Amino acid sequence: MSSIIDSFEAGSKAVVVGASGAIGGAFVELLRAENRFDVVEMSRLSGQVSLDISDETSIEAAAKDVQGSGQVDLLINCVGLLHDKAGLVPEKNLKQLSADFLATYFRINTIGPALLLKHFTPLMPRDRRSVFVSLSARVGSLDDNRLGGWYGYRASKAAHNMILRNASIELARTHPLAVLAAIHPGTVESPLSAPYAKGHPTMSPSEAAGRILGVINDLSPEHSGSFFAYDGSTIPW
Ligand SMILES: NC(=O)c1ccc[n+]([C@@H]2O[C@H](COP(=O)([O-])OP(=O)(O)OC[C@H]3O[C@@H](n4cnc5c(N)ncnc54)[C@H](OP(=O)(O)O)[C@@H]3O)[C@@H](O)[C@H]2O)c1
């Protein structure tokens, strides 16, 4: 099989957070097939390292766990929430707003990724290229919002993008070769998209992950703090 991602040295450490998800699992499979990575799977219930993104203690412990075996060259955060079994569904209108549901969206889609940045960017090397990608969503784009609705999900992804952009400015001072990027994976067949994907063209998780690895392969420090789609195009904020 030809390599999709050859811009990392052999033996690089790749951490996939949310490895139990559809897209996260596809990243793990593709990265393992590359043979150049030491792949670490993180998820709250399965995976090699346990990580609950709603709990900073768990994030800190997961970071300590990988720290022992060297620096993190590539981290891909695939955790995200759109609906859950407790009745959280994306809001259609203002009447459906709930403080609890909004807080839940922000806890998983914004605060969790912010805390990943806090605990994992110190593990990224200062003297060679490294990449931190967090999956976002095009619906988090303010410019691109024409349909409305989905208040909590949209706003939590927009705030996610701001946190990542902010961190890219700070990290450039200490890690000039690091790249931080928010990436929209496309509409991908997964439990997250299943109730809403009808009528939309979809990709398999494997296709989406493969295309995103192609984007990651071409990222360099001048791209840090950007918002890309799976096809490498830039998404307006
Ligand atoms: N699929 C799409 O069409 C689409 C479109 C745009 C953006 N995205 C974004 O892409 C990312 C991946 O989505 P997906 O489609 O692969 O969804 P998915 O299959 O539902 O995966 C979601 C992942 O998030 C994890 N997660 C949720 N809450 C967590 C918590 N508290 N701690 C740790 N992990 C937690 C889930 O873990 P468990 O297995 O433990 O529940 C699962 O691994 C998300 O950020 C999503 O917003 C997806």
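Neighbours of residue 235 by Cβ distance under 15 Å: Lys/Arg scored +1, Asp/Glu scored -1, total +3.
Accessible surface of residue 134, taken over heavy atoms with a 1.4 Å probe and every protein chain present, rounds to 0 Å².
With just the Cα atoms defining each centre, how far is region 44-80 from region 168-189? Give it in Å. Their Cα centres are 17 Å away from one another. Go through 178, 166, 203 and say which Cα lies farthest out towards the positive end of the charge dipole of region 156-218; charges sit on Cβ, +1 for Lys and Arg, -1 for Asp and Glu. My answer, from the dipole projection, is 166.
Helix-only mean residue ellipticity at 222 nm, the chain, DSSP H runs n ≥ 4 weighted -39,500 (n - 2.57), per residue, nearest 500. What is it?
One gets -10500 deg cm²/dmol as the mean residue ellipticity at 222 nm.
Classify region 2-88 as rounded, prolate or oblate, taking a ≥ b ≥ c as the square roots of the eigenvalues of its Cα gyration tensor: rounded when a/c is under 1.5, otherwise prolate if a/b is larger than b/c and oblate if not. Oblate. Protection proxy ranking for 218-229, 173-184, using the average of other Cβ atoms within 10 Å per residue and placing the highest first: 173-184, 218-229.
Distance distribution P(r), the chain, all Cα-Cα pairs, bin width 10 angstrom from 0: 8, 34, 39, 16, 3, 0 percent. Taking a point 7 Å out from the Cα of residue 126 in the direction of its Cβ, the residues of region 170-188 whose backbone N falls within less than 16 Å of it are 170-179.
Only sites in a loop by DSSP and with at most 14 other Cβ atoms within 10 Å count here; which trypsin sites (Lys or Arg not before Pro) in region 86-165 make the cut?
Values: sites: 92, 95, 107, 118, 126, 128, 129, 138, 146, 154, 157, 165; in loops: 92, 126, 128, 129, 146.
Passing both the DSSP loop test and the Cβ count: 92, 126, 128, 146.
Computed over region 25-64, the range of Cα coordinates on each principal axis works out to 32, 18, 12 Å, biggest value leading. Surface exposure of the chain, expressed per residue as accessible area with a 1.4 Å probe, stands at 47 Å². Against the chain, whose longest principal axis comes from its Cα atoms, helix 205-217 is set at around 50 degrees.
What number comes out for the charge environment of residue 215, summing +1 per Lys or Arg and -1 per Asp or Glu over other residues with Cβ under 15 Å away?
Numbers: positive: 129, 138, 211; negative: 6, 207, 218, 222, 231.
The answer is -2.
With the full set of protein chains in place, find how many percent of the accessible area of the chain is carbon and sulfur; take the probe as 1.4 Å.
Values: 5890 of 11210 Å².
Carbon-and-sulfur percentage of accessible area, whole number: 53.
The values are calculated or read from the model by the stated rules, or taken from the named source; none is laboratory data. As the structure is a computational prediction, the values presented were derived from the model and not from experiment. With ideal geometry, Cβ positions are generated from the backbone for all residues, glycine too; neighbour counts draw on all protein chains shown. Quick note on the areas: whole protein, heavy atoms, side chains included, nothing else; ligands and nucleic acids left out. Shrake-Rupley method; radii C 1.70, N 1.55, O 1.52, S 1.80 Å.
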